[in-house]
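Read through the structure below, which is laid out as structure tokens, and then see the notes.
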Amino acid sequence: MFFPAYNDGDSLPGLIEKTFRVLTSHVEDFEVIVVNDGSQDHTADVLRQLQAQYGPRLRVLTHERNRGYGGALRSGFAAATREFVFYTDGDGQYDPGELPKLLDRMAPDVGLVNGYKLERNDPWHRILIGNLYNRFARFIFRIRIRDIDCDFRLIRRSLLDEIRLTSTSGTICVELVRKLELSAARVEEVGVHHYPRLHGRSQFFRFKSLFVTLYQLLRLYARLVLLPALTGRDRRHA
């Protein structure tokens with residue numbers, strides 16, 4: 001289980017405490033990883049305190065500079081060592097206590113259990129932009145799951161080993177889901193709750209982030225949809 005974190009020092013203590021409580025109750029063997037993606041607040045100090053509290057089962061990966069959401073996820077996937085990998089954001093808008101819902105849907109033929117927001121608790125403009133982005137991305141990439149940007153996912157490790165992710169922005173969610181859906185494994189979906197952000201601010205809804213996301217989305221479309229249509233090749237590994 002891992003968390004990408006950027007300036008999430010205020011939300012991490014409660015998030016990690018609940019995570020250990022849930023994992024201890026439902027999983028025999030686990031690890032918890034936090035990817036500190038170049039945070040500029042007190043996140044590093046908080047993580048040092050949490051490591052002292054929870055010991056070696058809490059691992060911290062530190063990016064000296066911010067690599068973007070995609071870069072943080074790629075580091076987390078690369079560092080994870082267990083058979084199943086779960087991740088959600090470090091801002092506390094999802095409840096790790098709902099992880100058992102996903103575990104219950106995992107089966108031998110399932111490669112991804114993806115959450116979907118039962119109700120989005122964000123300002124109206126974020127809800128509007130998020131809905132438009134989700135509909136647009138699902139349409140042009142032919143993605144079947146209903147909520148691409150619900151970052152509450154349980155993934156079979158062996159599938160992650162088969163794909164190569166390249167995105168550094170939030171488009172990594174599109175790339176990840178598209179490539180997992182191209183595998184032979186089945187996908188399950190589970191409704192989860194989404195809570196208001198209590199600390200910090202989203203990095204996605206800034207002009208620079210939106211520009212980078214749009215640019216990478218178009219590049220992904222060319223690589224994952226247009227080129228396969230022209231060449232007839234499977235682009236899971238592109």
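The values are calculated or read from the model by the stated rules, or taken from the named source; none is laboratory data. The model shown is predicted, which means the values in this text are computed figures rather than measured ones. For neighbour counting, all protein chains shown are included, and Cβ atoms are generated from backbone atoms with ideal geometry for every residue, glycine included.
Counting the residues of segment 36-51 that are in a helix (DSSP H, G or I), acidic (Asp, Glu) and either touching a helix residue (DSSP H, G or I) at 6+ places or on another chain (Cβ under 7 Å) or surrounded by 15 or more Cβ atoms within 10 Å (Cβ to Cβ) (or both) gives 0. Of all residue pairs spaced 6 or more apart or on separate chains, those with beta-carbon atoms under 6 Å, a first member in segment 133-156 that is closer than 24 Å to Phe2 by Cα and touching a residue at least 60 places away in the same chain (Cβ under 8 Å) and a second member that is acidic (Asp, Glu) and outside any helix (DSSP H, G or I) are Asp151/Asp89. Condition check for Gly92 on (1) on the phi < 0 side of the Ramachandran plot; (2) in contact with a Leu (Cβ under 8 Å, 6 or more places away or on another chain): one failure, at (1). When segment 9-61 is filtered for residues that are of a type in the set (A, V, I, L, M, F, W, C) and in contact with a His (Cβ under 9 Å, 6 or more places away or on another chain), only Val35 remains. So, in segment 57-72, exactly how many residues are of a type in the set (D, E, K, R) and either buried (at least 16 other Cβ atoms within 10 Å of the Cβ) or under 29 Å from Arg105 (Cα atoms) (or both)? Total satisfying the criteria: 3. Does Arg21 qualify as being on the phi < 0 side of the Ramachandran plot and within 18 Å of the chain's Cα centre (by Cα)? Here the answer is no, as Arg21 does not meet what is asked. Considering Leu73, Leu160, Leu165, Leu102, the condition of being assigned to a loop (DSSP other than H, G, I, E, B) and in contact (Cβ under 8 Å) with a residue 12 or more places away in the chain is satisfied by Leu165 alone. Residue-level check: of (1) touching a residue at least 12 places away in the same chain (Cβ under 8 Å); (2) outside any helix (DSSP H, G or I); (3) over 16 Å from the mean Cα position of the chain (by Cα); (4) farther than 23 Å from Leu182 by Cα, Tyr54 misses just (2).
Within the set Tyr116, Tyr54, Tyr87, the sole residue that is under 19 Å from Ala5 (Cβ atoms), surrounded by 13 or more Cβ atoms within 10 Å (Cβ to Cβ), of a type in the set (Ser, Thr, Tyr) and out of contact with any Leu (no Cβ under 8 Å at 6 or more places or on another chain) turns out to be Tyr54. With respect to Pro100, determine if the residue is at pLDDT 90 or above and either surrounded by 20 or more Cβ atoms within 10 Å (Cβ to Cβ) or of a type in the set (Ser, Thr, Tyr) (or both). Criteria not met by Pro100. Criterion first (among the aliphatic types (A, V, I, L, M) and modelled with pLDDT of 95 or more) does Leu132 satisfy it? Taking the combined requirement at face value, the residue does not satisfy it.
For residues in segment 178-206 being within 26 Å of Pro100 (Cβ to Cβ) and charged (D, E, K, R), which is modelled with the lowest pLDDT? Taking the candidates together, the pick is Arg197.
Every residue, every condition in (1) at positive phi; (2) loosely packed, with under 14 Cβ neighbours inside 10 Å; (3) more than 16 Å from the chain's Cα centre (by Cα), yes or no:
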site	(1), (2), (3)
Val110	no, no, yes
Leu132	no, yes, yes
Phe139	no, yes, yes
Thr166	no, no, no
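Quick check: anything in segment 60-81 among the acidic types (Asp, Glu) and in contact with a helix residue (DSSP H, G or I) (Cβ under 7 Å, 6 or more places away or on another chain)? Looking for residues that are among the acidic types (Asp, Glu) and in contact with a helix residue (DSSP H, G or I) (Cβ under 7 Å, 6 or more places away or on another chain), one finds none in segment 60-81, hence no.
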